[in-house]
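Visitor: Shown below is the structure under consideration.
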Amino acid sequence: MKSKLFVLFLLLTILVSACAPAATEAPAAKLRVALIMPSAITDMAFSQSMYSALVAVQKEMGGEAAMEIKYSENMFKVPDAAAAIRDYASQGFDIVVAHGSQYGASVEEVAKDFPKVTFAWGTDVNTFGLPNVYAYTAAAEQGGYINGVMAAMLTKTKTIGVTGPVEVGDAKTYIDGFVQGVASVNADIKVSKTWTGSFSDVALMTEAAKTHIAAGADVLTGSSQSVVGSIGAAKENGTVLWFGTQSDQATLASNLVVASQVYDWSGMIKDIVSKRKAGTLGGEKYVLELKNDGLKISFNSGYPLTAEAKAAAEKAIADIKSGAIKVNP
Amino acid sequence: MNEILSVSTIVGILYSAIRLATPYLYAGIGEAFSQSSGVVNLGVDGIMLISAYAAFFVVLNTGNIWLGLAAAIFVGFLMGLLMSLISITLKAEQGISGIGLFMFGLGLSSLLFKTTIGTVKTVTGFQAIKIPLLSDIPIFGEIFFNHSLLVYGAFLLVPAAWWVLEKTTWGLKIKSVGQNPAAADSLGVNVDQVRYFSVCLGSILAGIAGASLSISLLNLFQDNLTAGQGFIAVALVYFGGWKPIGIMWGALLFSAVNAFQLWMQVLGIKIPSDIAIMLPYLLTIAALAVTVNRVRSPAALNKPFERGEN
């Protein structure tokens, strides 16, 4: 039995070693990009923002013939994500995007084993000193500030509710920026914050939003894929306004969503692609900002925003771009 | 701290608690039926998910909330049949089959959501109905009599389930099969049939729990909408000592503390959010530790019945 197994093992080894060089030598006709993300491509938030960017770049490059996109969704469990990252790298993908701040350690480990593969991960700024790793993040506080300015001008009850997931990463910096934006208009406005402790618990997020509304809030904001619950609560109430972030959330409540901060990763992806062609595989960090058009404020045309509030928002955008206003993350 | 004791805050907390308790009540009481007959069904969360999807899909496409509820019930029933087939007829290990059922429900609901709906949408589901006269009672009316039909249904289920389990022949059969299947069998009770019935009834209730989320409380569907609520419902069955009333107190306690911690955060009471989020779980564990020795689980729980053994 043992000898049979050994022979089998030997055969397999020969087979694998015979195949391996052929696979790596195959001409890379098209760019192969893999994306690993914690929620679904339809989450109206974090994961969707990256997937949309990849699709936009793909379209620009000439469709599926020029660029292949493979993705793994709902990889909230880090060990699953780590396995997926390694899988894609060993399948010969050119660029592996690990879209989640929890994936850092996995990227660091896998990237060392696949020096010819470009890895990009975020949101973080740490490339681990590896030449084939990009790190990326979004200065979410900037759009948060803009949303805060408008929110402060629109609230009548002088009470604003923030429904946050977990007090980390861009969820926290967005909200910090939002609070600064509100305070810049009127320091007397009360901003209450709740954290549900989960990025995906829609039921608790909904209840948090309803609690804010019951406590008098007439404007809400928040981040993560679970805010669809908050928007649902605003919609059920019928008059409570919503400010979005990460993706354009206007479609969820077309007359209540005032504006959304949209993450546009496509510029960064294009840069990574062209650098890879030129021979640079990584080693840099990207920060999405209003200034570099990585962050955009998408005003919802379905909501009649007052000219005054819109002007204030646009002035704040210009001031952040020019550096006249500094928002602390 | 004074703010948290104001009347409007207390009304808010209790109103939220009742709403939040709804899915736990359906799923927990359903699980109590299943477990009373000797079958642990850990697939509750998966059943909730796929039924929540089914209800949402039907309401999105037809606009009819009753058809949506019927879809959830039907899908819950099918999942119950599947669980019964695996764990009763094929006698597979119950815990493992339940986990399998959960994963099946999670995966299938995500897949169907992606292929048939694609993106997050909202529907108009069951609306809050003010009960005439009763809802006019100050404070009490606001807390108890301004909910949607599915919320009222969850609380009416408590006495109904108690009555079925304690006062009917079927209830007696369910419990006898869960305590001593060999004895029940010798008295002519069809053990497998009773277990099939209990598991399917439990799954139907889990299905309604799912619908209560997707077409009543949240009015939307998203991947993994339940976020583990089904597992908390299973825990509440142990907490409640397999009694509907106990499950209700457990669900209300858990939900009230959850509502309380949200209100504390909204009112800006200075405690770290992580501690606030932990509160419902800490309190539930503490209550469980205090009550655990009072009740005994159904003796044949988790044991497949083999005729002629023992």
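Visitor: Apply the Karplus curve 6.51 cos²θ - 1.76 cosθ + 1.60, θ = phi - 60°, to the phi angles in the stretch B:33-45 and return the couplings in whole Hz, x for Gly and Pro.
Guide: 4, 4, 6, 4, 8, x, 10, 7, 10, 7, x, 3, 5
Visitor: May I pose another question? Going by the alpha-carbon gyration tensor, a ≥ b ≥ c the square roots of its eigenvalues, is chain B rounded (a/c under 1.5) or, if a/c is not under 1.5, prolate (a/b greater than b/c) versus oblate?
Guide: Details: a/c = 1.77, a/b = 1.38, b/c = 1.28.
Prolate, since a/c reaches 1.5 and a/b exceeds b/c.
Visitor: Among B:Gly76, B:Gly43, B:Gly153, whose mean-square fluctuation peaks in a Gaussian network model of chain B (Cα, cutoff 10 Å)?
Guide: Maximum fluctuation in the GNM of chain B, among the listed residues, is at B:Gly153.
Visitor: Where only protein heavy atoms count, and the probe is 1.4 Å, what is the accessible area per residue for the stretch B:1-139 in Å²?
Guide: On the way: 5560 Å² over 139 residues.
The answer is 40 Å² per residue.
Visitor: Hey, can you grab everything whose amide H is under 5 Å from the amide H of A:Val287? Only 5+ residues off in sequence or another chain; H modelled, so Pro and N-termini drop out.
Guide: Those qualifying (amide H under 5 Å, at least 5 residues apart or on another chain) are A:Thr137.
Visitor: Whose amide H sits under 5 Å from the amide H of A:Tyr71, counting only residues 5 or more places off or on another chain, with H placed in the peptide plane?
Guide: Amide H neighbours of A:Tyr71: A:Leu35.
Visitor: Need the per-residue list for the stretch B:190-218: every residue with at least 50 Å² less accessible surface in the complex of protein chains than in the chain by itself, probe 1.4 Å, sorted by number.
Guide: Those are B:Leu218, which lose 50 Å² or more relative to the chain on its own.
Visitor: How would B:Thr62, A:Thr173, A:Thr221 line up by accessible area, probe 1.4 Å, largest first?
Guide: Numbers: B:Thr62 80, A:Thr173 30, A:Thr221 0 Å².
Of B:Thr62, A:Thr173, A:Thr221, the descending order of accessible area is B:Thr62, A:Thr173, A:Thr221.
Visitor: Probe radius 1.4 Å, ligands and nucleic acids ignored: give me the carbon and sulfur share of the accessible area of the stretch B:1-150 as a rounded percent. Before the final figure, lay out the partial values.
Guide: Working: 4530 of 6080 Å².
C and S atoms contribute 75 percent here.
Visitor: On a C-alpha basis, how far is the centre of the stretch A:279-317 from the centre of the stretch A:157-180 in Å? Whole number, if you could?
Guide: Answer, in whole Å: 17.
Visitor: Rolling a 1.4 angstrom probe over the protein heavy atoms, how many square angstrom per residue are accessible across chain A? Numbers along the way, then the final one.
Guide: Working: 13700 Å² over 329 residues.
Ligands and nucleic acids excluded, the result is 42 Å² per residue.
Visitor: Could I ask something else about it? Of the accessible area of the stretch A:182-295, with the probe set at 1.4 angstrom, what percent is carbon plus sulfur?
Guide: Details: 1730 of 3640 Å².
Looking at the stretch A:182-295 in its full context, I get 48 percent from C and S.
Visitor: I'd like to know which of A:Ala313, A:Val219, A:Leu54 lies farthest towards the positive end of the charge dipole of chain A, counting +1 on Cβ of Lys and Arg and -1 on Cβ of Asp and Glu.
Guide: Sorting the options by dipole projection puts first A:Leu54.
Visitor: Any chance you could check the Cα centroid distance between the stretch B:261-285 and the stretch A:41-98 for me, in angstrom?
Guide: Centre-to-centre (Cα) distance: 36 Å.
Visitor: Return the calculated 222 nm mean residue ellipticity for chain B, to the nearest 500 deg cm²/dmol, obtained by summing -39500 (n - 2.57) across DSSP H runs with n ≥ 4 and dividing by the residue count. Provide the component values of the computation, followed by the final result.
Guide: On the way: 12 runs with 204 residues, N = 310.
That calculation yields -22000 deg cm²/dmol at 222 nm.
Visitor: Post the alpha-carbon centroid distance, the stretch B:73-127 to the stretch B:139-154, in whole angstrom.
Guide: The stretch B:73-127 and the stretch B:139-154 have Cα centres separated by 28 Å.
Visitor: Follow-up. Just want to confirm a number: the relative contact order over chain A, from Cα pairs under 8 angstrom separated by 6+ residues, in percent.
Guide: 18 percent
Visitor: Further question: Taking all protein chains together and a probe of 1.4 Å, list B:Arg307, A:Arg32, B:Arg296, B:Arg195 from the most accessible to the least accessible. Walk me through the numbers before you get to the answer.
Guide: Values: B:Arg307 175, A:Arg32 65, B:Arg296 215, B:Arg195 5 Å².
From most exposed to least exposed: B:Arg296, B:Arg307, A:Arg32, B:Arg195.
Visitor: What list of ³J(HN,Hα) couplings, whole Hz, do you get for the stretch A:217-233 from phi and the Karplus terms 6.51, -1.76, 1.60, once you set θ to phi - 60° and write x for glycine and proline?
Guide: 6, 10, 9, 10, 8, x, 9, 4, 5, 7, 5, 4, x, 5, 5, x, 5
Visitor: Let me ask another. At a threshold of 8 angstrom on Cα-Cα distance, excluding pairs fewer than six apart, so keeping six or more, what relative contact order does chain B reach in percent?
Guide: 36 percent
Visitor: Here are some pairs, A:Lys172/A:Lys310; A:Lys59/A:Lys277; A:Lys77/B:Lys121; which of them have Cα atoms lying more than 21 Å apart in this structure?
Guide: A:Lys172/A:Lys310; A:Lys77/B:Lys121
Visitor: So what J values fall out for the stretch B:209-222 if you push phi through Karplus, 6.51 cos²θ - 1.76 cosθ + 1.60 with θ = phi - 60°, rounded to Hz, Gly and Pro as x?
Guide: With coefficients 6.51, -1.76 and 1.60, one gets 4, x, 4, 4, 7, 7, 10, 9, 7, 10, 6, 7, 10, 8 Hz.
Visitor: Something else: Counting only helical runs of four or more DSSP H residues, what would the 222 nm mean residue ellipticity of chain A come to if each run contributes -39,500 (n - 2.57) and the total is spread over all its residues? Write down the numbers at each step before the final one.
Guide: Details: 10 runs with 146 residues, N = 329.
Mean residue ellipticity at 222 nm (helix-derived): -14500 deg cm²/dmol.
Visitor: Put A:Tyr88, A:Tyr174, B:Tyr238 in order of accessible area, largest first, 1.4 Å probe: what do you get?
Guide: Numbers: A:Tyr88 25, A:Tyr174 0, B:Tyr238 90 Å².
Final ranking, largest accessible area leading: B:Tyr238, A:Tyr88, A:Tyr174.
Visitor: Any idea what angle helix B:149-167 forms with the longest principal axis of chain B, computed on alpha-carbon atoms, 0 to 90 degrees, nearest 10?
Guide: Approximately 30 degrees, to the nearest ten.
Visitor: Give me the accessible area buried between chains A and B, both sides summed, with a 1.4 Å probe, in Å² rounded to the nearest 100. Mind showing how you got there, number by number?
Guide: Numbers: alone 14960 and 14500 Å², together 26860 Å².
Buried surface at the A/B interface: approximately 2600 Å².
Visitor: Okay, next question. Measure off 7 Å from each Cα along the Cα-to-Cβ vector at A:Lys59 and A:Lys275, then give the distance between these two points in nanometres to one decimal.
Guide: 2.5 nm
Visitor: What nm distance separates the two modelled labels at B:Ala70 and B:Lys91, each placed 7 Å from Cα along Cα→Cβ?
Guide: According to this spin-label approximation, the distance is 4.0 nm.
Visitor: A further question on this structure: Work out how much length B:Thr62 to B:Ala160 would gain on full extension: take 0.36 nm times their residue separation and subtract the Cα-Cα distance, in nm to one decimal. Provide the component values of the computation, followed by the final result.
Guide: Numbers: separation 98, 0.36 × 98 = 35.28 nm, distance 3.08 nm.
Extra length from B:Thr62 to B:Ala160 when fully extended: 32.2 nm.
The values are calculated or read from the model by the stated rules, or taken from the named source; none is laboratory data. Bear in mind the structure is a predicted one, so any value in this text is a computation, not a measurement. Glycine also receives a Cβ, built like all others from the backbone with ideal geometry; neighbour counts cover every protein chain displayed. What goes into the accessible areas is simple: the full protein's heavy atoms, side chains included, and nothing from ligands, DNA or RNA. Shrake-Rupley method; radii C 1.70, N 1.55, O 1.52, S 1.80 Å.
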